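In what follows, a single structure is set out as structure tokens and then discussed.
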Amino acid sequence: MEFSTKALSPERITAGCIAVGVFESRRLAPAAAALDRAARGHLRDFVKRGDMDGRAGAVRLLYRVPHLRCERVLLVGLGRESEFGAKQYRDAVRTAVTAVADTGARDACLCLPELHVAGRDLEWKMRQAAIVAAEALYRFEETKSKKSPARKLRSMAFAVPARGAAADRGLAQGRAIAAGMALARDLGNLPSNICTPTYLAAEARRLARQWRLGVEVLESRDMQRLGMGALLAVAKGSRQPPKFIVLRYNGAGRGARPVVLVGKGITFDTGGISLKPAAEMDEMKYDMCGAASVLGTLRAAAEMKLAVNVVGLVPATENMPGGAATKPGDVVTTMSGQTVEILNTDAEGRLILCDALTYAERFKPQAVIDVATLTGACVIALGHVATGLFANRDTLAEELAESGADAWDRAWRLPLWDDYQEQIKSPFADIANIGGRPAGSVTAACFLSRFADKYDWAHLDIAGTAWVSGKNKGATGRPVPLLATFLLGRSGK
Ligand code: BES
Ligand code: MN
Ligand code: ZN
């Protein structure tokens with residue numbers, strides 16, 4: 001979909017469909033009022049007759065309204081004006097886009113960025129409009145033999161009060177973030193027989209070519225040479241060779257310390273010898289969504305030409321119960337030199353991440369953020385709304401929480417207190433890879449913290465937010481918006 005801005009007064013806009021807001025109850029938003037004046041009261045009449053009360057989620061499509069240039073007018077319910085905020089704005093855009101795409105219009109203009117959203121400027125409204133619109137129009141059909149017919153709707157404009165750099169900048173950022181999310185969603189939605197560690201590495205190389213990123217892929221023998229015993233212990237049960245992807249985006253000077261993003265890339269998690277139950281195991285193809293979000297964020301950063309250096313690290317492997325697989329009680333030596341007793345082979349995410357966190361040290365990072373579908377316990381704690389956030393620095397935690405709030409891709413901090421470290425003691429190794437049922441997300445983060453003491457570090461547990469289950473099953477592209485917004489901040493833009 002092509003997105004653009006339009007700085008014309010609404011009655012002068014030409015499009016197959018123009019979408020304007022109506023507040024509850026029956027108050028026309030400015031663009032709707034402007035159309036109504038041009039149409040000599042037609043819209044007000046329609047609303048007055050009780051055909052549109054402006055409730056949030058309601059839409060009405062009008063055809064060939066006299067004196068208007070657009071063939072279709074879509075009235076979009078906005079709910080109560082006093083309650084209109086970021087969430088309501090995003091919902092209105094989603095509702096409008098979905099309804100417009102269902103008409104025969106080839107191009108459309110949404111007059112929603114004119115609406116006042118408390119605490120948010122035009123740049124934000126444009127960024128969000130593009131993100132939400134692209135999100136709503138996303139389809140995944142790569143693995144269907146019959147594709148649904150191409151959409152008639154080819155381009156979508158957003159009407160802005162006046163032409164200006166802020167609107168264009170917001171839209172361009174929104175486009176870039178949306179494309180990063182779509183990439184993350186595509187990779188997540190691909191089945192594990194296609195999206196293998198080798199496929200992820202090829203995808204990273206393709207991205208590097210397209211966006212002029214640096215890329216390097218470490219093979220098993222490189223991991224051996226580096227002493228990545230924990231990552232290799234997970235890979236042992238699989239016939240798919242593991243890959244360790246290093247992607248570099250250099251938007252700042254050579255000397256500028258990078259932000260390192262680390263993404264969990266388990267392309268399928270059977271649990272290994274500690275085998276998972278059969279129910280919903282298919283969803284473990286999403287266990288590489290952290291990796292996908294890192295690739296998506298690098299793409300977004302490159303498209304936005306952010307003045308920041310970013311390194312993406314993706315340890316990628318399957319977690320399988322093959323004949324050579326790691327067994328409960330096995331002790332391995334990590335790249336850091338610390339030993340780990342693997343009591344449960346299903347706690348594999350932390351094992352591949354710990355070696356990546358040690359590897360991250362060589363970049364002298366300004367910050368390291370790992371992203372992982374790490375624990376079922378995080379879904380119990382925060383559900384599917386907030387990503388779990390942990391950090392060894394309060395300022396970094398706050399910066400990430402604020403980025404998430406701004407992007408409406410929210411994260412909520414959980415504690416990393418020393419008291420929890422007790423739970424991952426082992427009689428046979430320096431650390432155990434599980435800490436029992438209580439506070440499962442916290443003890444997983446505590447495990448990671450043992451490998452992240454040389455820099456500012458944060459951990460995002462996206463187990464509940466990376467995909468949705470049920471009849472609308474699919475990857476969400478989170479936390480690409482959060483991470484892209486964080487990098488926007490770090491680039492000083
Ligand atoms: N990938 C899973 C976490 C997961 C489970 C994410 C369900 C989303 C939905 C992870 O590798 C895992 O299996 N974690 C275990 C840890 C346990 C063995 C300590 C879990 O959460 O049960
Ligand atoms: Mn697991
Ligand atoms: Zn896993």
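The values are calculated or read from the model by the stated rules, or taken from the named source; none is laboratory data. Computed from a predicted model, the values in this text were never measured in an experiment. We place every Cβ from the backbone using ideal geometry, glycine too, and count neighbours over all the protein chains shown.
Quick notes on this structure:
- Options Ser4, Ser82, Ser25, Ser9; residue that is out of contact with any Phe, Trp or Tyr (no Cβ under 7 Å at 6 or more places or on another chain) and free of Cβ contacts under 8 Å to residues at least 12 places away in the same chain: Ser82
- Tally, over segment 212-244, of residues that are part of a loop (DSSP other than H, G, I, E, B) and either of a type outside the set (S, T, N, Q) or at pLDDT below 95 (or both): 10
- Residues of segment 345-371 that are away from ligand 3 (no atom under 16 Å from the Cβ) and part of a loop (DSSP other than H, G, I, E, B): Lys364, Pro365, Gln366.
- Taken together, the criteria exclude Leu374 from residues that are at pLDDT 95 or above, more than 16 Å from ligand 2 (Cβ to nearest atom), in contact with a helix residue (DSSP H, G or I) (Cβ under 7 Å, 6 or more places away or on another chain) and within 30 Å of Leu226 (Cβ to Cβ).
- Single residue of segment 271-289 satisfying the filter (within 17 Å of Ala372 (Cβ to Cβ) and not basic (Lys, Arg)) that is surrounded by the fewest Cβ atoms within 10 Å (Cβ to Cβ): Glu283
- Val314 being away from ligand 3 (no atom under 16 Å from the Cβ) and assigned to a strand (DSSP E or B): no
- Entry remark, segment 153-206: residues being touching a Ser or Thr at 6+ places or on another chain (Cβ under 8 Å) and at pLDDT below 95 number 1 in total.
- Count of segment 464-488 residues which are under 23 Å from Thr358 (Cα atoms) and more than 12 Å from the chain's Cα centre (by Cα): 2
- Sole residue being more than 16 Å from ligand 2 (Cβ to nearest atom), of a type outside the set (S, T, N, Q) and modelled with pLDDT under 95, chosen from Gly255, Gly323, Gly251, Gly329: Gly255
- Meets criteria (within 13 Å of ligand 2 (Cβ to nearest atom) and over 27 Å from the mean Cα position of the chain (by Cα)) for Ile273: yes
- Any hit, segment 321-341, residues being away from ligand 1 (no atom under 16 Å from the Cβ), under 14 Å from the mean Cα position of the chain (by Cα) and farther than 15 Å from Ala235 by Cα: no
- Pairs with Cβ under 6 Å, 6+ apart, first in segment 171-200 and over 22 Å from Ala302 (Cβ atoms), second assigned to a helix (DSSP H, G or I): Pro191/Lys285; Ser192/Lys285
- Test: residue in segment 111-120 that is modelled with pLDDT of 95 or more, surrounded by fewer than 17 Cβ atoms within 10 Å (Cβ to Cβ), of a type in the set (A, V, I, L, M) and out of contact with any Leu (no Cβ under 6 Å at 6 or more places or on another chain): yes
- Restricting Asp419, Asp409, Asp453 to residues that are over 22 Å from Gly337 (Cβ atoms), part of a loop (DSSP other than H, G, I, E, B) and modelled with pLDDT of 95 or more narrows the list to Asp409.
- Of all residues making up segment 372-394, the number that are surrounded by fewer than 20 Cβ atoms within 10 Å (Cβ to Cβ) and assigned to a strand (DSSP E or B): 0
- All helices (runs of 4 or more DSSP H) inside segment 13-116 with 1 or more residues being under 31 Å from the mean Cα position of the chain (by Cα) and not β-branched (Val, Ile, Thr): 86-101
- If you check Trp412, Trp457, Trp417 for being away from ligand 1 (no atom under 16 Å from the Cβ), surrounded by fewer than 20 Cβ atoms within 10 Å (Cβ to Cβ) and within 25 Å of Ala484 (Cα to Cα), only one passes: Trp412.
- Among the residues of segment 256-289, those that are part of a loop (DSSP other than H, G, I, E, B) and without any contact (Cβ under 8 Å) to a residue 40 or more places away in the chain comprise Pro277, Ala278, Ala279.
- Checking each residue in segment 428-461 for being touching a strand residue (DSSP E or B) at 6+ places or on another chain (Cβ under 8 Å) and farther than 14 Å from Ala347 by Cα picks out Phe428, Ala429, Asp430, Ser449, Arg450, Ala452, Tyr455, Asp456, Trp457, Ala458, His459, Leu460.
- Criterion applied to Ala302, Ala356, Ala292, Ala347 was being crowded, with 20+ Cβ neighbours inside 10 Å, more than 22 Å from Leu487 (Cα to Cα), in contact (Cβ under 8 Å) with a residue 12 or more places away in the chain and among the aliphatic types (A, V, I, L, M), and the one residue passing it is Ala347.
- Inside segment 124-177, residues that are surrounded by 15 or more Cβ atoms within 10 Å (Cβ to Cβ) and among the acidic types (Asp, Glu) make up a count of 2.
- Subset of segment 469-492 [outside any strand (DSSP E or B), closer than 17 Å to Tyr138 by Cβ and in contact with a strand residue (DSSP E or B) (Cβ under 9 Å, 6 or more places away or on another chain)]: Lys473, Thr476, Arg478, Pro479
- Selection over segment 365-398 of residues that are under 27 Å from Arg254 (Cβ atoms) and not polar (S, T, N, Q) gives a count of 8.
- Checked against the criterion of being more than 11 Å from ligand 3 (Cβ to nearest atom), among the polar types (S, T, N, Q) and either under 20 Å from Pro242 (Cα atoms) or crowded, with 20+ Cβ neighbours inside 10 Å (or both), the candidates Thr339, Thr333 yield just one match: Thr333.
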